[in-house]
Amino acid sequence: MARLGAIAENIALLALLNPKEPVPENPIPSKFIDDGRASHFILSFEDERRTAEAFAILLSNTDNPRKVGAVCVEQSLDGHSLTIRTAVNAGPQTDRKDAFARITSALRKASCSEPLKKQEDVLLNEIIGACQLRLLGRLRSRHAKSSRQSGRVQFIHKLRDTLKLLDWDQNPPKDIDFYWQQVDSLIDLFGDLESLPPRDARSESGRAILNDIIRRVGRVLRPIDTRSILNNPSHPRYDMIRSLNKLHQYRHAARYLLSAARKFHAFHDLRIEEVKPFGESKTGAESLSVRRGLFSRSLTSRRQKNFVRLVQEQSGKSLSQIEQELQKHPELDKRVHAEIQLLFHYECQMNTVTQPRVIVSNKQACLLCDLLIKTHGGFYTPSSHGTLYPRWRIPRSDEVSFPTPAKARMVQCLDQFNRALETKIKKFAAQKCVIPNAPESVIFRSYNHSTSSTVPTPTTAGKGSEGNPEVPINRGFPSARTSIRSRVSSISTKLPASTIEDDETKSSRPLRSPVQSDTTPCPCPPKPKRALSLSSSQTYAQSALKQPRILTRGVPTTYTMSPGSVAQFQAPRIHLDLSYEQACALEGSSLSPSCTSARSALIPSTAEAHEDLTLQVEWLDAENTKLGGLLERIVDIAFPWARKRRKIADGALFKGHGLVFVNKDNAVSLKAIGPG
């Protein structure tokens, strides 16, 4: 087999394994929360992220995949201005700059005027005008300038029939007749839009109708529990609710930007700067420390024959077919994705003191962008749809001009990136994951914020939050296939108090739960026959489906449980399933693990059933020195005796290091560290 560079070969091999590794929410690294440069920043980390997310949506005025864009926010040293740095996969950015000029002009005027509600309407109208073609595409209108709309159903026509099938038992509209009038009005407005001549639909007449449509969408969504639906892609109304939220996000973005502009003077001097895209090329940057990819090295190693066999089994191809596929990779024209363009731009601009912390796109990051950004460590990207694109590449050294410190750092980064690729190859070769495709597009959400927290602590929703369409949701990732028994209550993260708040986000709300990635195990579901059923109480039966918290090796996770909540933690071969009621059992309790799951009710009788309880969970190596003195605490679930019901003493989690569940070379420690 002709020699490929290590990174190119590993990307081609990983593509053969067809990996799917969605990351609904990346945890925020502590370095960005306690950043030593914080005094140089005008915006908090959360405000910087929200501003970038808003402009990523608003500057996306096309559904052309070549025009996928990414943005970040530069903050001036004097605190008087902000620069929106923008990049696209390919082509010019004239339309994006025109949309930006229109939106920022309206924002400056609106932020200096009263009343707030009226100026919000003015700003929204300008946003609709700047994004008019994109909105027509989102509605799948006949006026949309896109071949991608052909054959796609106009979902508005199915709106009434779809909403009739929703379960209104939990939070029905106060006036059901008025609600259906709003639904019918929304359908009629879309009919009016479609009846316009094409020129009018793309001008002021169409803009007025689009404005009314977005308002009606907000009223239609208000009584619907959008959070639980969007957290469960298998829900039969998922696609409809997601499409409606994509329309309503423009109001969220307008409200956020207007509130931010009234708080931060720097929003009065907003600028836009573009990054020139790299041209398409058949080759990208390579690792300097490794010359051959994992597959080529395995062919000449006796120890790796089993790995080659696994690749053949998972790809369904013979050895010769795999070699042929790998040889096709150098012939593909590849491009540098927008997120990577921004990363390399700042590596070449070391004099930028207030380097942005967040890189955001109107699409979620692909698997390779997410992996490289995490490996680099200088930026944060919120999530990934987990799909690998073989035509992805890294800029070569002859295409960029690095300062000396950056050059050494990027050489090390590429070596680490190549090792991370090989780790993923081994993981996907050893274990096939059946995960549906995740939606790529991002929905701008409305929630309160100030300084973000990386410590997940659940909170119980207040009255009315279930019906609020603006409560925070995850990004709509399909969860791995689960049994019917695996329905659990929604576990949430508590955000700090608001600094920018709007009228529709004042209710208590459940929040996003960061999901670990980068070094995370493959999010494969346990087989249904091994799944453990949870409590049959109504609390759990009526709750939304929740993905388990994916643990990162060596990183302790602190989790606070509230009454009625359920915690799920997952590491390779170990799945911990713990309800609050089990944790706070007042009498003796038992453990009934399987080879992939463990369940426990281990809290002493001194715990009050109504108090919050804080747990610490950590994925350890089974040979970790921490386990040396914990033999009496270890529960090895890999052996047959462990599958029988076993009595656990009251208070086990409160004593010393708690309990340690071990399965082969993996171990998970679980202990209580006090009340919430």
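Remarks
- Residue match in region 301-312 (condition: on the phi < 0 side of the Ramachandran plot, in contact (Cβ under 8 Å) with a residue 60 or more places away in the chain and either of a type in the set (V, I, T) or touching a Leu at 6+ places or on another chain (Cβ under 6 Å) (or both)): yes
- Flag set for Q349, criterion: more than 21 Å from A8 (Cα to Cα) and free of Cβ contacts under 8 Å to residues at least 24 places away in the same chain.
A quick yes/no check of all residues on (1) small (G, A, S); (2) at pLDDT below 85; (3) part of a loop (DSSP other than H, G, I, E, B):
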| position | (1), (2), (3) |
| --- | --- |
| A12 | yes, no, no |
| P27 | no, no, yes |
| L43 | no, no, yes |
| E53 | no, no, no |
| R66 | no, yes, no |
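- The single condition among (1) over 14 Å from the mean Cα position of the chain (by Cα); (2) modelled with pLDDT of 90 or more; (3) of a type in the set (V, I, T) that T454 does not satisfy is (2).
- Filtered by the rule that a residue be out of contact with any helix residue (DSSP H, G or I) (no Cβ under 8 Å at 6 or more places or on another chain) and either within 17 Å of R419 (Cα to Cα) or charged (D, E, K, R) (or both), region 16-32 gives K20, E25, K31.
- Restricting attention to region 271-300, the residues that are among the β-branched types (V, I, T), in contact (Cβ under 8 Å) with a residue 24 or more places away in the chain and in a loop (DSSP other than H, G, I, E, B) total 3.
- Candidates L186, L221, L230, filtered to the one that is closer than 20 Å to H143 by Cα, in the same structural domain as L136 (by TED's automatic domain parsing) and surrounded by 14 or more Cβ atoms within 10 Å (Cβ to Cβ): L186
- Some residue of region 322-337 being buried (at least 19 other Cβ atoms within 10 Å of the Cβ), at pLDDT 90 or above and in a loop (DSSP other than H, G, I, E, B): yes
- Pick from region 113-128, criterion among the hydrophobic types (A, V, I, L, M, F, W, C) and within 16 Å of H252 (Cβ to Cβ), ranking: modelled with the lowest pLDDT: L116
- Selection of first residues in region 393-415 that are in contact (Cβ under 8 Å) with a residue 60 or more places away in the chain and of second residues that are surrounded by fewer than 16 Cβ atoms within 10 Å (Cβ to Cβ) and hydroxyl-bearing (S, T, Y), restricted to Cβ pairs under 7 Å at least 6 apart or on distinct chains, gives the following pairs, ordered by first then second residue: R393/S281; R396/T283; D415/S289.
- Residue count for region 382-412, restricted to those that are at pLDDT below 95 and within 21 Å of the chain's Cα centre (by Cα): 8
- Filter result (part of a loop (DSSP other than H, G, I, E, B), closer than 23 Å to T62 by Cα and among the charged types (D, E, K, R)) within region 355-392: R391
- Qualifying residue in region 264-281 (condition: hydroxyl-bearing (S, T, Y), more than 28 Å from the chain's Cα centre (by Cα) and modelled with pLDDT of 90 or more): yes
- Just one residue in the set D192, D239 is of a type in the set (D, E), within 27 Å of the chain's Cα centre (by Cα) and part of a helix (DSSP H, G or I); that residue is D239.
The values are calculated or read from the model by the stated rules, or taken from the named source; none is laboratory data. These figures come from a predicted structure and were not determined experimentally. All Cβ positions, even for glycine, are placed from backbone atoms using ideal geometry, and neighbour counts span all protein chains on display.
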